[in-house]
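Engineer: Quick one: structure below, then a few questions.
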Amino acid sequence: MNGPAARCTGGWPASTRKVQCGSTPPSPPAAPTTNYDIDIVAEITGRDDGPEALLDDLEAALAGYPVGKIVRQTRCVTLYYADGMHLDVTPARRTALKEKEGVIAHAKKGAGAPPGRYVPMNAYAFGDWYTARTPTEERFAKALNERLYAQAGIAFADADVHDVPDQTPLIIKSVTTVALQLLKRHRNIAYADETGRVPPSIVLSCHAGHAAQPGMGLADMVIRQARWTARAIDEATRQGRLLSVPNPEFSAERFTDRWPENQTQQQGYARHLHTLANGLEAAQRGNVQLEDLQAWLRVQFGERVVTRSVKAFNERLGRQVKAGQHGYTPKGGLFTPAAPAIIGSLSSLAPVAARAHTNMGERRFS
């Protein structure tokens, strides 16, 4: 965008380009790789001709960029790629000396559109805030990223001397962020058939930062984040108002300025979140049959995510059985310490040693 064809007034300072939210990296290979996005806030300097002109200049600068499709939105310009990824580029202007504090444009295009306006924004400060609240959890990061590399056919220890597969290097560093990605996935599934606005990712990211508690298990963190947002909505509803979530580093910016639009919207999402948390808690207590649990998880998170998780779990279990590393509970149930992470341990009973045997016949869980 800094080339001769760029027509954005003042150019694009490279030092100011930053992924809008450090908590939303592209989906890793372990998750579905379609329909993920990257958000960029691009600071534009020079003469200010208003929000409509700011988006017009950005759209003109990106025209002809080699992607599948370019679409002008109300607050950004979206570049759609053939592999399902899309890039949202949001133009911004600095308004204060404070690092990256500024405004973004809000303007619909076309005759009869309402006048454009500027919206307060400091994504840079929010990203730093989130990063500070979600430090790298070494054991979790190593275990999860080692699995991502293995699925890509690369030994984790050799990653520094081999070509690293796309989106793989230590992009997932905390339980909080993985739980956040799962909640976003859950939201996408829940609203797949909706035509109106959906709960914004930035609201979930903000609540995830507030709820962060390093060292917590993944299932517990998903439950904690789901309850955090649901209870915030419940409290707003009790007070007869809509949910309001400010940027913790810039109070003038409201992450909820376009959603929720009414009580029905926010209460509906609170019900989705409470249902998710209730189901995960029931699974942790072991009150759900495995087949029913798999079916329920597929409804919450989608077919591919759950199928791959269960497949990986079964493969680990099969290796343990072959190596004689499994055991049985005193009641005869098959015990394995490596249950699917989203569920957590389904049994707190100590294992009883088992004799090695061939892995023949149907695997049974009880």
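Engineer: Has segment 38-46 got any residue that is at pLDDT below 95, farther than 22 Å from Lys100 by Cα and open to solvent by 30 Å² or more (accessible area, probe 1.4 Å)? Before you say what the answer is, go through the steps one by one.
Structural biologist: Pass one, segment 38-46, residues at pLDDT below 95: 38-46.
When the remaining residues are screened for being farther than 22 Å from Lys100 by Cα, the result is none.
No.
Engineer: Could you list all residues from segment 83-100 that are in contact with a helix residue (DSSP H, G or I) (Cβ under 9 Å, 6 or more places away or on another chain) and outside any strand (DSSP E or B)? Full working, then the answer.
Structural biologist: Keep residues of segment 83-100 that are in contact with a helix residue (DSSP H, G or I) (Cβ under 9 Å, 6 or more places away or on another chain), which gives 89-94, 98-100.
Result: Lys98, Glu99, Lys100.
Engineer: Moving on. Restricting to segment 183-219, what's the tally of residues that are farther than 26 Å from Met121 by Cα and part of a helix (DSSP H, G or I)?
Structural biologist: The total comes to 5.
Engineer: Tell me whether segment 68-75 contains one or more residues that are touching a residue at least 40 places away in the same chain (Cβ under 8 Å), within 14 Å of Leu55 (Cα to Cα) and more than 23 Å from the chain's Cα centre (by Cα).
Structural biologist: At the first step, the residues of segment 68-75 found to be touching a residue at least 40 places away in the same chain (Cβ under 8 Å) are 75.
Within this subset, residues satisfying the condition of being within 14 Å of Leu55 (Cα to Cα) are 75.
Narrowing further to those that are more than 23 Å from the chain's Cα centre (by Cα): none.
No, because not a single residue in segment 68-75 is touching a residue at least 40 places away in the same chain (Cβ under 8 Å), within 14 Å of Leu55 (Cα to Cα) and more than 23 Å from the chain's Cα centre (by Cα).
Engineer: Does Glu59 satisfy being in contact (Cβ under 8 Å) with a residue 60 or more places away in the chain and open to solvent by 30 Å² or more (accessible area, probe 1.4 Å)?
Structural biologist: Numbers: in contact (Cβ under 8 Å) with a residue 60 or more places away in the chain: no; open to solvent by 30 Å² or more (accessible area, probe 1.4 Å): yes.
In short, no.
Engineer: Which helices (runs of 4 or more DSSP H) sit wholly inside segment 236-352 and have at least 2 residues that are farther than 29 Å from Gly209 by Cα and at pLDDT below 60?
Structural biologist: Numbers: elements: 263-285, 290-301, 303-323.
Correct list: 303-323.
Engineer: Of all residues being closer than 18 Å to Gly46 by Cβ and hydroxyl-bearing (Ser, Thr, Tyr) in segment 68-121, which is surrounded by the fewest Cβ atoms within 10 Å (Cβ to Cβ)? Just the residue, please.
Structural biologist: Only one residue fits best here, namely Thr95.
The values are calculated or read from the model by the stated rules, or taken from the named source; none is laboratory data. These numbers were taken from a predicted model, which means no experiment stands behind them. All Cβ positions, even for glycine, are placed from backbone atoms using ideal geometry, and neighbour counts span all protein chains on display. Note: areas computed on protein heavy atoms with side chains; ligands, DNA, RNA excluded. Shrake-Rupley method; radii C 1.70, N 1.55, O 1.52, S 1.80 Å.
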